[in-house]
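Novice: Please read through the structure below; I'll follow up with questions.
The values are calculated or read from the model by the stated rules, or taken from the named source; none is laboratory data. Source: prediction; values computed, not measured. Every residue, glycine among them, receives a Cβ derived from its backbone with ideal geometry; neighbour counts consider all protein chains shown.
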Amino acid sequence: MILFRKFKSMVKLMHYSYLSRHNPQELADRLYIDATGNKNGINWESPVDLNEKINWLKFNSDTTKWSELADKYAVRKFIEEKGYKQYLVPLLGVWENANEIDFSTLPDSFVLKTNNGAGTVMVVEDKTLIDQRTVRAQLNKWLKNKFGLKRAEPHYLRIKPLIIAESLLRDESGISSSLVDYKIWCFDGKAFGTKVYYNRHRFEADTEWYDREWNYHPEKLVFTNEKGDGGGKITKPKNYEQMISFAEDLSKGFPQVRVDLYNIDGQIYFGEMTFTASGGYINAYSKEVLLEMGKLTKLPTDR
């Protein structure tokens, strides 16, 4: 039985790999079913909830701007042009190949990441302790990754892969063992709510949901063994309205986008803009909130 299950799983992965290259829309449908348990799949004709609408937008709208702004390097120009240069994490370098990196020019601590994906981040606390050959090999491996294929997110495939180095941000407040990550959901210039991540460790984190007025709503989230409810621990930032105003301005003209920010001692830092949160297969939010956010997502056909 175990061998049969392994064989079945392997066949499924092979089929999904084929679909990723030849029929990404069908792959999106399969992944949606896997994540939500809705055996009917995506309602392509009349999408209703947030996941369905994200996927509809992937394949039925112009996502050129998504590619530009999901690019962790190119988005910096957009932020500057909007007049928010002060919110950018200092850039230390950009390279097309890890072999070009001159570590002697970098500070003792920094962050290395690729610009075209998620999770391809390397935190360097002390560069004297790293093996440069191993670091270069990992970064070059990430550069070759065709991010966007596996989860049917074609806008990522238009991003030219680069490596960037940024300053390492530190929060000494003691609130969290990691940076507090404020993920602000916006719909065409209007903020709806913020999902907060903190105490991150690999794939584990404490998470909380706050509405536009910073009221705590644990019922909005579905918790698994990997992520737990923090219990309303995170207090409203003193310059919260400034964060909201920033996120709302960035989101104007987009049916939906998640704007990720950090806030260290009142200094706001831009993280990224995400147009396909969890690939469009979100299962960590309640059905009610997914429907609520789906209603807020106005498709071009609704206008």
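Novice: Mind checking which residues of region 55-78 are over 17 Å from the mean Cα position of the chain (by Cα) and either crowded, with 19+ Cβ neighbours inside 10 Å or of a type in the set (A, V, I, L, M, F, W, C) (or both)?
Specialist: Taking region 55-78 first, the residues over 17 Å from the mean Cα position of the chain (by Cα) are 56, 59-62, 64, 77-78.
Correct list: 56, 59, 78.
Novice: Find the strands (runs of 3 or more DSSP E) located wholly in region 186-303 whose residues include 1 or more that are under 28 Å from residue 85 (Cα atoms) and in contact with a Gly (Cβ under 9 Å, 6 or more places away or on another chain), and list them. Write out each step before concluding.
Specialist: Numbers: elements: 190-201, 204-211, 227-229, 257-264, 267-274.
Those strands (runs of 3 or more DSSP E) span 190-201, 204-211, 257-264.
Novice: Where residues in region 18-42 are polar (S, T, N, Q) and in contact (Cβ under 8 Å) with a residue 12 or more places away in the chain, which of them is nearest to residue 284 (Cα to Cα)? Can you show your working first?
Specialist: Applying the first criterion (polar (S, T, N, Q)) to region 18-42 yields 20, 23, 25, 36, 38, 40.
Keeping just the survivors that are in contact (Cβ under 8 Å) with a residue 12 or more places away in the chain gives 20, 25, 36.
On the way: 20: 24, 25: 22, 36: 10 Å.
Filtering first and then ranking leaves 36.
Novice: Is there any pair linking a residue in region 168-189 that is within 12 Å of residue 264 (Cα to Cα) to one that is acidic (Asp, Glu) and in a loop (DSSP other than H, G, I, E, B), with Cβ under 7 Å and at least six apart or on different chains, and which?
Specialist: What qualifies is 179/171; 180/171.
Novice: Also, quick follow-up: Which of the numbered conditions does residue 129 fail, given that it passes all the others? Conditions: (1) surrounded by 13 or more Cβ atoms within 10 Å (Cβ to Cβ); (2) modelled with pLDDT of 95 or more.
Specialist: Going through the list (1) surrounded by 13 or more Cβ atoms within 10 Å (Cβ to Cβ); (2) modelled with pLDDT of 95 or more, residue 129 breaks only (1).
Novice: Given (1) in contact (Cβ under 8 Å) with a residue 40 or more places away in the chain; (2) on the phi < 0 side of the Ramachandran plot, where does residue 131 come up short, assuming only one miss?
Specialist: (1)
Novice: Given the criteria loosely packed, with under 15 Cβ neighbours inside 10 Å, within 30 Å of residue 265 (Cα to Cα), assigned by TED's automatic domain parsing to the domain that holds residue 290 and not basic (Lys, Arg), does residue 192 qualify?
Specialist: Working: loosely packed, with under 15 Cβ neighbours inside 10 Å: no; within 30 Å of residue 265 (Cα to Cα): yes; assigned by TED's automatic domain parsing to the domain that holds residue 290: yes; not basic (Lys, Arg): yes.
No.
Novice: Let me ask something else. So, in region 112-162, exactly how many residues are touching a Leu at 6+ places or on another chain (Cβ under 8 Å), assigned to a helix (DSSP H, G or I) and over 30 Å from residue 30 (Cβ atoms)?
Specialist: So the count comes out to 3.
Novice: Which condition breaks for residue 286 when tested against (1) under 16 Å from residue 220 (Cα atoms); (2) crowded, with 21+ Cβ neighbours inside 10 Å?
Specialist: (2)
Novice: So which helices (runs of 4 or more DSSP H) stay within region 1-86 end to end and still have 1 or more residues that are among the β-branched types (Val, Ile, Thr) and over 26 Å from residue 270 (Cα atoms)? Steps first, answer last, please.
Specialist: Values: elements: 2-22, 24-36, 50-60, 64-70, 75-81.
Of the helices (runs of 4 or more DSSP H) lying wholly inside region 1-86, those with at least 1 residues that are among the β-branched types (Val, Ile, Thr) and over 26 Å from residue 270 (Cα atoms) span 2-22, 24-36.
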